[in-house]
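What follows is calculated from the coordinates using simple rules that are stated; it is not laboratory data. These numbers were taken from a predicted model, which means no experiment stands behind them. In this analysis, Cβ positions are derived from the backbone assuming ideal geometry, glycine residues included, and neighbour counts consider all displayed protein chains.
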Amino acid sequence: VLPDTQYYTDIRHGGTPAHFTAQTQWIADNKDSLNIVFVAHLGDVVQKGNTKEIPWMYADYSMSIIEDSLITNLEDGIPYGIAVGNHDQGVGVGSVGEPGETELYNQYFGENRFLGRSYYGGHYGTKNDQHYVLFSASGYDFIAIFFEYNTDPEESVLVWADSLLNTYSTRRAIIVSHYIIDAGIQGNWGTQGQAIYEGLNDNPNLFLMLCGHKSAEGIRQDSTINGNIVYTLLSDYQYYPNGGNGFLRIMEFSPINNTIQVKTYSPTLNQYETKGSSQFTLIYDMQLLITPVELLPKIFALHQNYPNPFNPVTTLRYDLPENAMINITIYDMLGKQVKTLVNQTQDAGYKSVIWDATNDYGKPVSAGIYLYQIQAGEYI
C-alpha cells in the first residue's frame, strides 16, 4: 500500500522523487520473496493537481517500475490502481480542485495506460477517476474498486460500485479511496467514507477499505448486516521527516492462519515502524466461501434500469437461468441503434451492465428518452 506521495513528487519538506522510486523498486525486488500480487496507491500522487506537470512525470517513472515486464517477470507487471486524491484534482483554493478536474491524472494514469493489461477491469463514466482491478493469488480472487475523492458522494458512482460487487460476488472485495476515516481506533467516518460503507456493506464479499489523506494512522472494525467484518485502515506519513521517509504498508494474507498481518516499512531507511498502530494483525476467515444468497436465477428476468432518469450512467440488471448468447442494444425513439452494450455468450447468473450515455463511437448522446432491448437465447 502506497500512502500519499505528494511531497516526494513535489520535492517538499525534504521529500524527493527518490523516496517514491525506492518504494516501487523495493516492491519489484521483493515481488517473488514476499509474493506481492497487488499494489494500491491511496491518492495525492502530487501536490498541485493540474498546475505542475513535472511531479506527474516523477510519478510516471516510479510507477513504471512495477509495470515493467522485464523487471517483474510478469507480462502486464504487478496489478495496481491509484485513487484520485484531493491534491490530484484541478487547481482551486489551496491548490485543490474539484472532482473530475483530473486532466493530468488521466493523461498519465488514464484508461490508455491500463487498456490491454489483463487485471484492468474498466472505469466509471468517461474518465479513469473511478476504476477497478481484478487480481488473484494462491487460488483466491479479488476485486479492488478505486473511488475519486469527493466530499459530496455521487449516488450513481455508488450504484456502479454496488453493481460490480454483485457481478463479481465471488471475488473478495477491497475499496480504495483517498479519505474514508479519521485517525485513531474506530476513527470517525469522513462524509464520503460513510456513504461508501453504507452503500456497499450489504455485499458479503466486502472485507477491506483503505485510505490516506489524514497524516496519521487509523483503523475501524465494523460488523455488517450479513454478519461479516469490514476493516478500514488509514495510513499517511507525509508529515514524517523527509515528506514521509518512504514508509509504505505491507499486508500479508495467511490463509492457513486466517490472518492479515499489517506492517509499516521504509525501503529508504530499511526500517520498520513497530508501534501498535503501525504493526498489527487482523483476523479474517479466508476459508469461508463467498457465494451469493441464491447461486442461479430460476427464470429469465429483465429489471428496470437504475437510476432512471439518469446522468451520466445507469445500470441494467438481468437474470440468466442458463448459459446464452446475449445481445443488449440501446435505441433512440426513432428506432435508430445507438449503442451495443453486450454481444457475447454469458454464463448463467445475476448480471448487470452499465451504460454511460455514449454511442457506439464513444460520443455522448443528447438528452432524451432511450429504449433498450435484450436478446438472451430465445428470450427477447
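Counting DSSP beta bridges with both partners in the stretch 6-283, what percentage is antiparallel, nearest 5?
65
Along the Cα→Cβ direction, 7 angstrom out, place labels at LEU269 and THR170. What is the inter-label distance in nm?
Label-label distance for LEU269 and THR170, simple model: 4.5 nm.
If each of TYR306 and GLN25 carries a label point 7 Å out from its Cα toward its Cβ, how far apart are those two points in nm?
With each label placed 7 Å out from Cα toward Cβ, I get 5.0 nm.
Please compute the net charge surrounding THR24, taking Lys and Arg as +1 and Asp and Glu as -1 over other residues with Cβ under 13 Å from its Cβ.
Neighbour charge sum, excluding THR24 itself: -3.
Rounded, prolate or oblate: which fits the stretch 301-376, taking a ≥ b ≥ c as square roots of the Cα gyration tensor eigenvalues, rounded meaning a/c under 1.5, else prolate when a/b beats b/c?
Note, shape of the stretch 301-376 comes out prolate.
Once the piece of chain linking ALA216 and TYR379 is laid out straight, how much longer is it, given 0.36 nm per residue of separation minus the C-alpha distance between them?
Computed gain between ALA216 and TYR379 is 53.2 nm.
Using only DSSP helix segments of four residues or longer, with each worth -39500 (n - 2.57), what per-residue ellipticity at 222 nm results for the chain after dividing by its residue count and rounding to 500?
The helix contribution divided over the chain gives -5000 deg cm²/dmol.
What lysines could a cross-link reach from LYS336, if we take a straight Cα to Cα line under 21 Å and drop same-chain neighbours fewer than 8 places away?
LYS363
I'd like the orientation of helix 191-200 relative to the chain: the angle between its Cα long axis and the longest Cα principal axis, in ° from 0 to 90, rounded to 10.
50
I'd like the distance between the alpha-carbon centres of the stretch 103-158 and the stretch 225-273, rounded to an integer number of Å.
The stretch 103-158 and the stretch 225-273 have Cα centres separated by 21 Å.
Reachable lysines from LYS263, Cα under 21 Å, same-chain residues fewer than 8 places away excluded?
Once the sequence-local lysines are set aside, what remains near LYS263 is LYS31, LYS214, LYS275.
Using a 10 Å cut-off around each Cβ, can you sort MET63, MET333, MET325 from fewest to most neighbouring Cβ atoms?
Fewest-to-most ranking of MET63, MET333, MET325: MET333, MET325, MET63.
Under 20 Å from the Cα of LYS351, which lysines turn up, not counting those fewer than eight places away in the same chain?
Filter leaves LYS298, LYS339.
What is the sum of charges around GLN279, taking Lys and Arg as +1, Asp and Glu as -1, for the other residues whose C-beta is under 13 Å from the C-beta of GLN279?
After counting each charged neighbour, the total is 0.
Place the peptides 103-116, 217-230 in order of packing, highest mean first, counting for every residue the other Cβ atoms within 10 Å and averaging per peptide.
103-116, 217-230
Quick one: of the DSSP bridges fully inside the stretch 146-222, what percent are antiparallel, nearest 5?
Close to 10 percent.
How big is the dipole moment of the chain about its Cα centre under a simple scheme where the beta carbon of each Lys and Arg is +1, that of each Asp and Glu is -1, and everything else is neutral? Debye, nearest 20, please.
I would put it at about 180 debye.
I'd like the orientation of helix 155-167 relative to the chain: the angle between its Cα long axis and the longest Cα principal axis, in ° from 0 to 90, rounded to 10.
Approximately 80 degrees, to the nearest ten.
Output the 0 to 90 degree angle, nearest 10, between the alpha-carbon long axis of helix 17-29 and the longest principal axis computed from the alpha carbons of the chain.
The angle comes out near 70 degrees.
Treat each spin label as a single point 7 Å out from the Cα along the C-beta direction, and report the ALA348 to SER69 distance in nm.
About 3.9 nm separates the two model spin labels.
Once a ≥ b ≥ c are taken as the square roots of the eigenvalues of the Cα gyration tensor of the stretch 212-255, is the result rounded (a/c under 1.5), prolate (a/b larger than b/c) or oblate (a/b not larger than b/c)?
Verdict is oblate for the stretch 212-255.
Between rounded, prolate and oblate, where does the stretch 1-152 land on the alpha carbon gyration tensor, with a ≥ b ≥ c its root eigenvalues, rounded for a/c under 1.5, else prolate if a/b exceeds b/c?
oblate
Rounded to the nearest 0.05, what FRET efficiency is calculated for MET333 and ASP60 with R0 set to 41 Å and r the Cβ-Cβ distance?
For R0 = 41 Å, the calculated efficiency reads 0.35.
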